[in-house]
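What follows is a set of notes on a single structure, which appears directly below.
The values are calculated or read from the model by the stated rules, or taken from the named source; none is laboratory data. Bear in mind that the values here come from a model prediction, so they are computed numbers and not experimental data. Note: ideal-geometry Cβ built from the backbone for every residue, glycine included; neighbour counts use all protein chains shown.
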Amino acid sequence: MATVAIVYFSAQGHTHQLAEAVAEGARGVNGTTVELVRLVGADIVEGRWKNPSVLAKLAAADAIVFGTPTYMGGYAAQFKAFIDTSSEVWMAQGWKDKLAAAFTHSQNLSGDKQSTLIGLWVNAMQHSMVWVSPGIKVEGYDADKLNRLAGYGGVMAQTAWGQEKVNEGDRKTAVLLGQRVAETAVRWVKGK
């Protein structure tokens with residue numbers, strides 16, 4: 001059985017919707033269990049994130065999918081605090097050879113989401129993880145189309161100011177990312 005953990009921060013709820021979509025896709029793959037792990041600001045004390053139960057769930061996973069909103073061209077501060085604390089995991093190479101993938105969301109069409117995904121990729125490479133891309137070509141640029149923002153390193157989503165639900169195309173793209181990560185994790189675990 002392969003375990004996929006989706007660790008994310010969401011302030012407005014959009015990144016949470018994407019995390020649920022990734023989980024939906026992963027759960028649809030036989031031989032997969034899914035852990036949905038939401039980071040909360042209360043776990044940050046004096047600038048440092050700490051929650052041993054979250055780290056235990058990630059340690060038990062075969063694949064970790066990272067999710068954060070893009071604020072001012074980068075991670076949400078709450079997610080960055082988690083990433084910085086993962087240096088303790090890095091020291092022991094605790095995530096080495098785990099699969100990794102990512103998704104992000106912002107209000108603007110660009111919003112510099114690519115820089116957030118690159119940062120998540122760099123973090124995964126520092127941890128000696130193996131990156132799984134979405135593997136989805138652009139279907140079109142309308143809100144109901146797959147990979148409409150052309151995120152090839154990870155899923156990029158966008159909602160307009162005041163819009164409560166993520167666009168259907170972005171949601172479906174996140175579902176397919178979850179499916180791809182889970183399928184890859186099942187093969188990865190069988191090959192160990």
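Of Val166, Val189, Val181, Val175, which residue is over 26 Å from Ser86 (Cα atoms) and either among the small types (Gly, Ala, Ser) or part of a helix (DSSP H, G or I) (or both)?
Val175
Out of Ser10, Ser53, report the one residue that is buried (at least 18 other Cβ atoms within 10 Å of the Cβ) and among the hydroxyl-bearing types (Ser, Thr, Tyr).
Testing whether each residue is buried (at least 18 other Cβ atoms within 10 Å of the Cβ) and among the hydroxyl-bearing types (Ser, Thr, Tyr) leaves just Ser10.
Condition check: farther than 24 Å from His14 by Cβ and either outside any strand (DSSP E or B) or under 15 Å from the mean Cα position of the chain (by Cα) (or both). Does Val122 satisfy that?
no
Can you confirm whether Thr116 is within 16 Å of Ser10 (Cα to Cα), of a type outside the set (A, V, I, L, M, F, W, C) and part of a helix (DSSP H, G or I)?
Criteria met by Thr116.
Does segment 68-75 contain any residue that is within 12 Å of the chain's Cα centre (by Cα), within 21 Å of Val22 (Cα to Cα) and assigned to a helix (DSSP H, G or I)?
No, every residue in segment 68-75 fails to be within 12 Å of the chain's Cα centre (by Cα), within 21 Å of Val22 (Cα to Cα) and assigned to a helix (DSSP H, G or I).
Would you mention how many residues in segment 1-14 are of a type outside the set (A, V, I, L, M) and under 9 Å from the mean Cα position of the chain (by Cα)?
Number of matching residues: 1.
Can you find even one residue in segment 3-10 that is small (Gly, Ala, Ser) and in contact with a strand residue (DSSP E or B) (Cβ under 6 Å, 6 or more places away or on another chain)?
yes
Out of all the residues in segment 30-52, is one or more over 28 Å from Gln93 (Cβ atoms), touching a Gly at 6+ places or on another chain (Cβ under 9 Å) and of a type outside the set (Ser, Thr, Tyr)?
No, that holds for no residue.
Among Gly140, Gly94, Gly111, which is at positive phi, surrounded by 14 or more Cβ atoms within 10 Å (Cβ to Cβ) and either more than 15 Å from the chain's Cα centre (by Cα) or assigned to a loop (DSSP other than H, G, I, E, B) (or both)?
Gly111
Inspect segment 17-34 for any residue being closer than 19 Å to Leu146 by Cβ, crowded, with 22+ Cβ neighbours inside 10 Å and of a type in the set (Val, Ile, Thr) and give the result as yes or no.
yes
Among the residues in segment 38-45, are any more than 17 Å from the chain's Cα centre (by Cα) and in a strand (DSSP E or B)?
Taking every residue of segment 38-45 in turn, at least one turns out to be more than 17 Å from the chain's Cα centre (by Cα) and in a strand (DSSP E or B).
Looking for something over 16 Å from Asp170 (Cα atoms), in contact with a strand residue (DSSP E or B) (Cβ under 8 Å, 6 or more places away or on another chain) and modelled with pLDDT of 90 or more - is there at least one such residue anywhere in segment 133-156?
no
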